[in-house]
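Have a look at the structure below, then the notes.
What follows draws every value from the coordinates through simple rules; no lab data is involved. This one's a predicted model, so the numbers in the text were calculated from it and none came from an experiment. We place every Cβ from the backbone using ideal geometry, glycine too, and count neighbours over all the protein chains shown.
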Amino acid sequence: MTKVLIIGYVWPEPRSSAAGSHMMELIHCFQTQGWQVTFASPAALSPHMEDLAALNIDAVSIELNSDSFDRYIAGLEPDIVLFDRFMMEEQFGWRVEQQCPEALRVLDTEDLHFLRNARHKALKQKRDLIQSDLFGEMAQREVAAIFRSDLTLMISDYEQQLLTGQFGVAEELLHHLPFMLDPARLDQNLPGFDERAHFISIGNFRHAPNWDAVLWLKQQIWPLIRKQLPDAEMHIYGAYPPPKATALHNDKEGFKVLGWAEDANAVMRSARICLAPIRFGAGIKGKLVEAMINGTPNVTTSIGCEAMSGGLPWAGVVEDNAKQIADAAVSLYQDETLWHHYQNNGFNIVRTVYDRAPLAEGLIARIEQLRSDLPQHRLRNFTGAMLRHHNHRSTQFMSQWIEAKTKLAKLQQDNEGSLETEH
């Protein structure tokens, strides 16, 4: 039986984040093959994490900078190791290579962190993104992790083209894999135009682009909408709302910060319009996929809809100016014909771009092809071999130094405790 070890940056929370949903889609894909999946993470357990045991998935807590991981993975002997985000490849990649050199090493970027950070920097400086913004330290780290991996999963085809065009990453190191959904969900009985009311925005508050979008809604966009639709309400949902977010709640203004949604699909289905005024970010947006699959047209930005439609007509209106977003939202809220048009566009996108079956089949075929040709595949990736040699050595020595320092501190603490007991 094929063994898959997933090393998670966090424990999967499919009801809190798009990244958590995407991870569970990957796990479902692997389990459908009859593969044995183990999920390991150095993160603290979270209240909204998936019940992995109920899905027959071993959940293992691992330590950073500890040789206990070496012993663990040597005993597990996985055939495939998937790193959740480049930071996990940095931390554990060299250990995996040492202990299980024949295991296929796969990196799931979730999105390109350096692209998101570069766009955030440009936004804060109130200017357009320029090429030099992309070539910082985070890009060096993230692209290096991509080269060191046998295969990297790219959720955005825009980002895949960025890597091949700007950073010289070979196509054979990348695999485009958006969200994998079951189109049968589109057959559910959905509320119609007249059965829905109000606007919705949803997203994990720990994700900086979501918090920025909420602030922009509150300060500039919603007052313009509310002026034209005085009975409409703005419902803000998302996991982990901080006090600064809940402080924005104002019943008089119809701006309601409602926090965690027990059933994100239910609240999305009850809304007439999804507002996603995303000014920076990367990857593709889970909230907009949720909106499409629940028949909820959206108003978003060019970054919000980036790489999401496969070139098909979009499931709503795209604007990048606060007044234009507000005007589009008001118009769509009142126009049932246009609303149904965009709803059908969304259904078409889901069926064409996010159909689970062909996406899963393509991923498994790519993985199996690499496993059968792994030595030659690695020979063709000389840049990756070079980076593994130099980076893994420095990372290894730093990790071992931290480990030794931690052990020494514990030993000193134990000795001090013994002396106090003797006295």
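Key figures
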{"read-out": "Calculated [θ] (222 nm, deg cm²/dmol) that DSSP helices of n ≥ 4 give over the chain, each run adding -39,500 (n - 2.57)", "value": "-15000 deg cm²/dmol"}
{"read-out": "Under 17 Å from the Cα of Lys410 - aspartates and glutamates, other chains or at least 8 residues apart", "value": "Glu63, Asp67, Glu420"}
{"read-out": "Cα gyration tensor shape for segment 191-239, rounded if a/c is under 1.5, else prolate or oblate", "value": "oblate"}
{"read-out": "Length added when fully stretched, Arg206-Ala247, from 0.36 nm per residue minus Cα-Cα", "value": "13.2 nm"}
{"read-out": "Volume in Å³ per residue [convex hull over Cα atoms, computed for segment 1-117]", "value": "109"}
{"read-out": "Proximal aspartates and glutamates to Lys218, defined as alpha-carbon separation beneath 13 angstrom and excluding residues fewer than eight positions away on the same chain", "value": "Glu233, Asp251, Glu253"}
{"read-out": "Segment 347-392: radius of gyration over Cα atoms, expressed as a fraction of 2.2 N^0.38 Å", "value": "1.74"}
{"read-out": "Flagged links, alpha-carbon separation over 18 Å, of Lys126/Lys256; Lys227/Lys252; Lys126/Lys285; Lys227/Lys323; Lys121/Lys244", "value": "Lys126/Lys256; Lys126/Lys285; Lys121/Lys244"}
{"read-out": "Selection from Thr32, Met234, Pro358 lying farthest towards where the dipole of the chain points positive, charges on Cβ", "value": "Met234"}
{"read-out": "Dipole magnitude (debye, nearest 20) for the chain, charges at Cβ of Lys, Arg, Asp, Glu", "value": "1080"}
{"read-out": "Ser372 versus Leu215: modelled label distance in nm, points set 7 Å from Cα along the beta carbon direction", "value": "5.2"}
{"read-out": "Whole-number percent relative contact order across the chain, with pairs defined as alpha carbons under 8 Å at least 6 apart", "value": "15"}
{"read-out": "Dmax and Rg, reported as Rg then Dmax, of segment 236-294 (C-alpha, Å)", "value": "12.4, 36"}
{"read-out": "Cα gyration tensor shape for segment 275-390, rounded if a/c is under 1.5, else prolate or oblate", "value": "oblate"}
{"read-out": "Kirkwood hydrodynamic radius (C-alpha pairs) into Stokes-Einstein, segment 152-213, 25 °C and 0.890 mPa s, D in µm²/s", "value": "157"}
{"read-out": "Potential lengthening between Leu45 and Lys124 on full extension [0.36 nm per residue; Cα-Cα distance subtracted]", "value": "25.1 nm"}
{"read-out": "Distance from segment 159-214 to segment 111-142 (C-alpha centre basis), Å", "value": "20"}
{"read-out": "Simple label model, 7 Å out from Cα along Cβ direction - Leu338 to Asp67, nm", "value": "6.7"}
{"read-out": "Per residue, the convex hull volume that the Cα atoms of segment 111-183 enclose (Å³)", "value": "105"}
{"read-out": "Scattering curve values for the chain, log₁₀ I(q)/I(0), Debye with Cα scatterers, q = 0.08 Å⁻¹", "value": "-0.49"}
